[in-house]
Structures are given as structure tokens and as C-alpha cells.
1. Leaving out ligands, DNA and RNA, and with a 1.4 Å probe, what % of the accessible surface on the chain is carbon or sulfur?
2. Using a 10 angstrom cutoff on alpha carbons, build the Gaussian network for the chain and name the most mobile of N38, N13, N48.
3. Quick check of the Kirkwood formula: for segment 1-59, what is the inverse mean of 1/r over all pairs of different Cα atoms, in Å?
4. Could you please state, rounded to a whole Å, how far the C-alpha centre of segment 146-210 is from the C-alpha centre of segment 25-92?
5. Would you look at the GNM of the chain, springs on alpha carbons closer than 10 Å, and say which of E33, E17, E195 moves the most?
6. Could you provide, to the nearest whole Å², the per residue accessible area of the chain with probe 1.4 Å?
7. Which pairs break 31 Å Cα to Cα here: K102/K214; K50/K206; K154/K214?
8. Rolling a 1.4 angstrom probe over the protein chains, ignoring ligands and nucleic acids, what is the accessible area of S4 in square angstrom, nearest 10?
Amino acid sequence: TLSSGQTVALKTNGQVEAIAAVAQSAGSPVVFEAAESNWVASTFDSVNNKVVIAYSDNANSNYGTAIVGTVSGSSISFGTPVVFQTVYARHISAIFDSTNNKIIIAYSNQSSSDYGTAIVGTVSGTSISFGTAVVYNSGSTYFNSATFDSTNNKVVIAYRDDGNSQYGTAIVGTVSGTTISFGSEVVFETAEATEISSTYDSTSGKIVIAYRDK
């Protein structure tokens with residue numbers, strides 16, 4: 001017996017059954033930077049149970065900055081912002097390396113011809129510290145998208161390489177301590193690639209890259 005307006009679902013035998021609505025809720029917004037923040041990226045440190053947000057701080061010379069957040073119930077609180085490099089950072093992407101328990105931030109260093117750059121961070125309490133930045137593409141680099149291959153324990157960064165005809169390109173990084181080293185660049189699209197997004201399929205053991213083919 002169904003009441004008037006009851007939400008139902010179709011069963012495999014052709015009959016319908018009543019289903020209950022699931023209530024959704026959200027907490028209140030919390031400001032993590034009281035200034036214009038651009039190129040915002042976030043990731044979750046599953047070892048320390050912390051959220052890390054990386055961004056370009058317009059109020060501080062657009063320096064690349066990161067902040068650690070702690071979720072409690074439906075709220076989040078933040079530690080003190082930490083500059084990860086005193087350069088204008090943009091096209092920021094952040095991921096968590098669950099093997100080495102590190103945060104990796106990939107970004108374009110606008111202060112150095114937008115070179116593709118990566119840096120390794122370590123979360124401690126409500127703060128984060130960083131190693132030395134490493135260039136992975138010595139040319140204008142845009143639309144950085146990083147992901148972590150948990151099977152091979154590698155970081156993969158996809159990006160548009162403006163130094164090579166704006167081709168869609170990817171590179172593999174290996175984290176060791178507080179630094180990261182890279183292999184050779186590989187072109188995945190011999191055309192201009194924009195709006196790049198990447199993820200790791202842990203079932204198939206594959207990196208999947210989505211992008212706009214211009």
C-alpha cells in the first residue's frame with residue numbers, strides 16, 4: 001500500500017516499492033583565509049585525519065600557501081597558514097601520498113616563467129612543513145592535475161606543456177623523504193589540452209586523465 005506522493009523505486013520484477021528519503025545536512029561555512037584566495041586545491045591526509053588546502057594568497061604577494069584543517073562533527077577548524085614557496089603559485093593541485101604519508105602540491109611558478117613545480121609537505125598536528133621545491137617541466141606549464149598511484153606508489157602529474165605546442169603531457173614522480181624526483185615527460189595528447197583532471201583507478205591499476213581537446 002502506497003500513500004499519495006510516496007517516493008518509490010522500480011524492482012527487477014516490475015513491481016514498485018516505497019523508499020524513504022535520506023535527510024542531508026551541511027555545517028556552517030568557515031573562513032580559512034580572510035583575503036582573496038585563488039587556485040584553491042584540497043586533499044585529505046588519511047593518516048593524520050587532516051584536510052590540507054593549498055592556494056594562492058592574493059593578500060601576500062600571491063605566494064603559494066597551505067593550511068591544515070580539522071573536521072569535528074559538521075564543522076572544520078584551521079591552523080596557521082604556511083607559505084610553501086615565496087613565489088606566485090597558480091594552477092595548483094594537491095594530493096596525498098598514502099605510502100609515504102606526504103602531501104604533494106603541484107603548481108605553476110608564475111615568478112619563474114610558469115615552470116611546472118612540485119613540493120612535498122608533512123603534516124604535524126595542525127601545521128604543515130615543506131621540503132625543497134622541484135621543477136618537473138622547465139617551460140610554461142598549465143592546468144596541473146596530480147593524482148597518486150597507490151599500487152606503484154607514484155605521483156602522476158598531468159598538465160599542458162606550452163613549451164611543446166601546448167600538448168597534453170604527464171610525468172611520474174617518486175617521493176623520498178621530503179623531496180620528489182621525476183622521470184621523463186610523456187605526451188598523451190598531440191594537441192592543445194586544457195581543463196585537465198586526473199584520477200587513479202585502483203581496481204584496474206590505471207591513471208585516467210580527462211581534458212578538453214582544443
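The values are calculated or read from the model by the stated rules, or taken from the named source; none is laboratory data. Being a predicted model, the structure only gives us computed values, none of them experimental. When we count neighbours, we look across all protein chains shown, and the Cβ atoms used for this are built from the backbone with ideal geometry, even at glycine. With ligands, DNA and RNA removed, areas are computed over all heavy atoms of the protein, side chains included. Shrake-Rupley method; radii C 1.70, N 1.55, O 1.52, S 1.80 Å.
1. Summing carbon and sulfur atoms, their accessible area is 45 percent of the total for the chain.
2. N13
3. Across segment 1-59, the inverse of the average 1/r is 16.5 Å.
4. 23
5. Highest fluctuation among the options: E17.
6. 51
7. K102/K214
8. Approximately 120 Å² of S4 is accessible to the 1.4 Å probe.
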